[in-house]
1. Stretched out fully, how many nm does the piece from HIS196 to ARG52 gain, at 0.36 nm a residue minus the Cα gap?
2. Which shape class applies to the stretch 120-167: rounded if a/c is under 1.5, otherwise prolate when a/b exceeds b/c and oblate if not, where a ≥ b ≥ c are the square roots of the Cα gyration tensor eigenvalues?
3. Hey, could you grab the Kirkwood Rh for the chain? Inverse mean 1/r over distinct alpha carbon pairs, Å, one decimal.
4. Normalising by the residue count of the chain, find the relative contact order in percent from Cα pairs under 8 Å and 6+ residues apart.
5. Sorted from fewest to most neighbouring beta carbons within 10 Å, what does the list MET19, MET185 look like?
6. For the stretch 150-283, just say rounded, prolate or oblate: build the C-alpha gyration tensor, square-root its eigenvalues into a ≥ b ≥ c, call rounded for a/c under 1.5, and beyond that prolate if a/b exceeds b/c, oblate if not.
7. Contour minus end-to-end for LEU42 and MET1, with contour as 0.36 nm per residue of separation and end-to-end as the Cα-Cα distance?
8. Could you list the residues of the stretch 44-64 with an amide nitrogen less than 20 Å from a label point located 7 Å from the Cα of ALA320 in the Cα-to-C-beta direction?
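Taken together, the values in this text are just the output of simple stated rules run on the coordinates, not laboratory data. Keep in mind that what you see is a predicted model, and the values were worked out from it rather than measured. Cβ: placed from backbone, ideal geometry, glycine included. Neighbour counts: every protein chain shown.
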Amino acid sequence: MRGAVLHGAGDVRVEDLPMPTVQEPTDAVIRLAAACVCGSDLWPYRGADEIREPRPMGHEYVGVIEEVGSAVSNVKVGDFVVGSFIASDNTCEICRSGYQSACVQRVGMTGSQAEYLRVPLADGTLVATPGEPAPDLIPSLLAASDVLGTGWFAAAAAQAGPGRTVAVVGDGAVGLLGVLAAREMGAERIIALSRHADRQALATEFGATDIVTERGDEGAAAVKELTDGLGAHSVIEAVGTQEAMLQAIRSTRPGGHVGFVGVSHGVEIPGRLLFGSHVHLHGGPAPVREYLPELIDLIWDRRIDPGRVFDLEVPLEDAAEAYRAMDERRAIKALLRV
Ligand SMILES: [Zn+2]
């Protein structure tokens, strides 16, 4: 089968790879309906993470089950399924508390930018859709696998809700879907921080009521200006850099909440800033599995259209171009046709 492999910074190749097989009784193998490139894939692509050996890429997936192990009973061959970027048993104490991404048996997924994928802990990880989805729903279901679920967790961690002002730092796919999530959770006002016209337009479509183009301390000052000098109740940090994290903390009012989901790279929070801020910080790898049933329902009923974040579609064979386009910010998020 064919799959995308990262060999070094800027070097993605689509190659012949071994066909995935059921290795454990709890495994399933799925045939991908579509694949995609994640903003977090750009960290190793840009050389920010060390690449010791060629790495099969991709951790977002939807598709049809081809084979299941003998211990799998919640899903069956032929089911169309959505899973999370972290496989989980969904039965341990941590899973049952809603933190499946920290499951005691968790397995980080990779290799989904390919034709087939082995999914460990299939019973806990995979959620079947009510039937075979219409083709136009597939991008949205694929978004549920990571970027939507991550934006959703960010909004929940930031305690977005009725009567609240939510500010969103980061205009990538996760930030934009954080806007959508905040709207679905009933936020009164949603401030999107973006300096790109196409992303501002999508943020507005997803529910943003205000756009701020400044960044860093100026961005935080602009959010305060829009909130009577107080700061937002809820701030989503969807970048992972020092500037974005400090901007998020400084944009939050005392007693407010920061939901941080940008994969942290070099972030160090000064103790005095944190001490004086009176903010709640909560985040990390999103427990997407917790939200999948609800997100699949919203997509199935066509109440939300998170697939709008895909503004580039290329065949799997052209994965290198998908990476380049996202790296150069020519595309928000690239879908790979399998
Ligand atoms: Zn668990």
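1. Length gained between HIS196 and ARG52: 48.4 nm.
2. It comes out prolate by the Cα gyration axes.
3. 20.0 Å
4. 19 percent
5. Ascending Cβ contact count within 10 Å gives the list MET19, MET185.
6. Rounded shape, in that the Cα axes give a/c under 1.5.
7. 12.4 nm
8. 44-48, 51-58
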